[in-house]
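What follows is a single structure, written as structure tokens, with notes after it.
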Amino acid sequence: MAEEMRIVLRNYGKIDPLKIDDYMAAGGYKSLEKARSMKQTEVIEEVKKSNLRGRGGAGFNAGMKWNFSYQVQSEEKYVVCNADEGEPGTYKDRIIMENDPQSVIEGMAICGYAIGSKKGYIYCRGEYPYVVDTLNQAIAQAKAKGVLGDFDVEVRMGGGAYVCGEESALIESIEGHRGEPRFKPPFPPVIGLWQKPTIVNNVETFANIPIIIEKGGDWYKAIGAPNYPGTKVLTLTGDVNNRTFFEVPTNTTIREVIFGLGGGIAGGKKFKAVQIGGTSGGFIPESNLDTSIDFDSMNSIGAVLGSGAVFVMDESRDIVDVVARIAKFFEHESCGKCSPCREGTKRMHEMMERLNAGEGSAEDVELLGRLGKVMSVACLCGLGQAAPAPVLTTIKNFNADYQAKFN
Amino acid sequence: MANYEDIISKYQDLPGGIIEAYHALQREYSYIPEDAVRVAAEVFGIPTAKAWGVATFYSYFKVGKRGKNVIRICESAPCHVAGAAEVIAALEKELGIKMGDTTPDGKFTLELCECVGQCQATPVITVNSKPYGDMTPEKVAGVLAEYR
Ligand SMILES: Cc1cc2nc3c(=O)[nH]c(=O)nc-3n(C[C@H](O)[C@H](O)[C@H](O)COP(=O)(O)O)c2cc1C
Ligand code: SF4
Ligand code: FES
């Protein structure tokens, strides 16, 4: 049976998040000290060796990303912590920041040392003003203790735009602009915030860094799935008994998550579907539940790990209704910069509503499939590219629900 | 007007600080007054159209009047299946207004929103950003009473 393993949440419930002394008594800031006694390249090597891959959804090797910024000669570089957490059903970054803010700040400072940056930003979603308070207090305490040295951290608040979780849109937003994604390349590690090399990493990614420096890359990469080692913090929602968060090794299977830790389906009903990774994730049928949650295994079944949101639906749920709701989300959140997404999300929502109201036809389903394929290749950023995933995966895996709407 | 400038100019030297200024305005008024957008443009030395473009891009900001207490109801999929629609109906009935509207006394505005990151307790509403979880139609009156 699956068990929790707390690495990111190692201090959860054990320290007072607003007391830096508690954090330091638990070994906090020793890793930053250790990192600063190493060469910058050695720190990057250690992170690379751990094979820690981004926890914000794209799964890029963190050490490799840091190396890109390290190699650019520049007076100014930036470390940005992505705390925009807009993916519906996700609240793991909040749990981390509320309970152990210093671990994130320490991770950022280690990154700052490694790439040669003296300035960090935490971009925290506007819906979390109480988290912003916690972060500001934590930063003030770290500065007062002098543990950060000459590394400065500042919190900026998002404005409730889902697209601002996309790293280049996030950068635009910190600069005080509309949060529209940039054309890439160049990528942020080379040209980012104020045109300077910028590392954007997720909250959970940074929270992993201190322990990797403490225990070493070899220790870390032995945990969980070899190609996506470590743990993942998951948040369970929907028709599951234990609607809460869990941190598990990445080789845990979806079934173990839902039926082990999650306690199974609520109300004694049967499982129907699970959507993992947030609202842009694919819908997964029963037949794929024995897949391990790591990044690559999830991709191999046409799904994603994404943010680690696990949204469970029981046999009584109407998949078309849920996907219609999701389609509205994407129409609303599309930033409008590129037409395949601006128009595509609108039409997709229209057709889903029509189907949901029982006024659609098999032709609509066919059209949705074609539109979805176009969007997934033609849209500028990940929002538009991933928006069709719930539609496409449900047409494939839950076609009976669509048929029931017009037969 | 002077008041707007006092609030906004605190962020004048902060690179990209216009968004922080908008947050500060909204904390004060529960919305961004239209005139404040013009003042922000002046303070930050950008065209009014740009200041306007920024203010209206973000769904957490509302340019133009809104009630003193802003109630937002999450309708993202996890809250949707957990019964957000019944909570919406109860709020509309209790306040006698529809989603998107403000009560005649200017005390409450009802808005739909997407996930506010409190999904351990779906369905969720927020009042002035303070979350209330595991909402039911029965709990609505009690929450409103705190702000009446
Ligand atoms: C529409 C969209 C929304 C995103 N939202 C988030 C988010 O809320 N948090 C996050 O860390 N990454 C988000 N990302 C991924 C970021 O672009 C980026 O890959 C990530 O912050 C990199 O950090 P990591 O390598 O540590 O995961 C989003 C991407 C897209 C396309
Ligand atoms: S894909 Fe959508 S969100 Fe991304 S840039 Fe295009 S319009 Fe904006
Ligand atoms: S889905 Fe409603 S608060 Fe997250």
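The values are calculated or read from the model by the stated rules, or taken from the named source; none is laboratory data. Note that the coordinates shown come from a computational prediction; the quantities given were computed from them, not determined experimentally. Positions of Cβ are generated from backbone atoms using ideal geometry, with glycine treated the same way; all protein chains shown enter the neighbour counts. In case anyone asks, the SASA skips ligands and DNA or RNA and just uses the protein heavy atoms, side chains included. Shrake-Rupley method; radii C 1.70, N 1.55, O 1.52, S 1.80 Å.
Just the residues that are charged (D, E, K, R) and either assigned to a helix (DSSP H, G or I) or within 14 Å of another protein chain (Cβ to nearest Cβ) (or both), please, taken from the range A:34-88.
Within the range A:34-88, A:Lys34, A:Arg36, A:Glu42, A:Glu45, A:Glu46, A:Lys48, A:Lys49, A:Lys65, A:Glu76, A:Asp84, A:Glu85, A:Glu87 meet the criteria.
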If I filter the range A:383-398 down to residues being touching a residue at least 12 places away in the same chain (Cβ under 8 Å) and open to solvent by 40 Å² or more (accessible area, probe 1.4 Å), which single residue comes out as nearest to A:Glu180 (Cα to Cα)?
A:Leu392
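Given the residues A:Glu204, A:Glu180, which is the only one that is charged (D, E, K, R), touching a Lys or Arg at 6+ places or on another chain (Cβ under 7 Å) and either open to solvent by 10 Å² or more (accessible area, probe 1.4 Å) or within 16 Å of ligand 3 (Cβ to nearest atom) (or both)?
On the way: A:Glu204 fails: either open to solvent by 10 Å² or more (accessible area, probe 1.4 Å) or within 16 Å of ligand 3 (Cβ to nearest atom) (or both).
Only one candidate qualifies: A:Glu180.
Let's see how each residue does on (1) surrounded by 22 or more Cβ atoms within 10 Å (Cβ to Cβ); (2) on the phi < 0 side of the Ramachandran plot; (3) among the hydrophobic types (A, V, I, L, M, F, W, C); (4) away from chain B (no Cβ under 11 Å):
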| position | (1), (2), (3), (4) |
| --- | --- |
| A:Gly126 | yes, yes, no, no |
| A:Pro129 | no, yes, no, no |
| A:Asp133 | no, yes, no, yes |
| A:Gln141 | no, yes, no, yes |
| A:Val153 | yes, yes, yes, yes |
| A:Gly158 | yes, yes, no, no |
Which of the numbered conditions does A:Gly146 fail, given that it passes all the others? Conditions: (1) more than 16 Å from ligand 3 (Cβ to nearest atom); (2) touching a residue at least 40 places away in the same chain (Cβ under 8 Å); (3) open to solvent by 10 Å² or more (accessible area, probe 1.4 Å); (4) of a type outside the set (Lys, Arg).
(2)
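Looking at the range A:244-256 only, could you name the residues that are within 10 Å of A:Val310 (Cβ to Cβ) and out of contact with any strand residue (DSSP E or B) (no Cβ under 6 Å at 6 or more places or on another chain)? Let's see the steps before the verdict.
Residues of the range A:244-256 that are within 10 Å of A:Val310 (Cβ to Cβ), as a first pass: A:245-246, A:254.
Correct list: A:Ile254 only.
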Return the pairs, sorted by first residue and then second, in which the second residue is more than 16 Å from ligand 3 (Cβ to nearest atom) and open to solvent by 30 Å² or more (accessible area, probe 1.4 Å), the first residue lies in the range B:121-148 and is in a strand (DSSP E or B) and of a type in the set (A, V, I, L, M), the beta carbons are less than 8 Å apart, and the residues are 6+ apart or on different chains.
B:Val127/B:Glu146; B:Val127/B:Tyr147
Quick one: A:Lys49 ticks every box in (1) over 24 Å from A:Lys196 (Cα atoms); (2) free of Cβ contacts under 8 Å to residues at least 12 places away in the same chain except a single one, so which number is it?
(2)
Scan the range A:89-123 for residues that are touching a residue at least 60 places away in the same chain (Cβ under 8 Å) and within 10 Å of another protein chain (Cβ to nearest Cβ) and jot them down.
A:Gly89, A:Thr90, A:Tyr91, A:Lys92, A:Asp93, A:Ile95, A:Tyr121
Could you tell me how many of the residues in the range A:265-281 are in a loop (DSSP other than H, G, I, E, B) and touching a strand residue (DSSP E or B) at 6+ places or on another chain (Cβ under 7 Å)?
5
Would you confirm whether or not the range A:39-50 contains a residue that is among the hydrophobic types (A, V, I, L, M, F, W, C) and touching a strand residue (DSSP E or B) at 6+ places or on another chain (Cβ under 6 Å)?
no
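Given the residues B:Thr103, B:Thr136, B:Thr126, which is the only one that is more than 9 Å from every other protein chain (Cβ to nearest Cβ), surrounded by 15 or more Cβ atoms within 10 Å (Cβ to Cβ) and not aromatic (Phe, Trp, Tyr)?
Working: B:Thr136 fails: surrounded by 15 or more Cβ atoms within 10 Å (Cβ to Cβ); B:Thr126 fails: more than 9 Å from every other protein chain (Cβ to nearest Cβ).
Unique residue meeting the criteria: B:Thr103.
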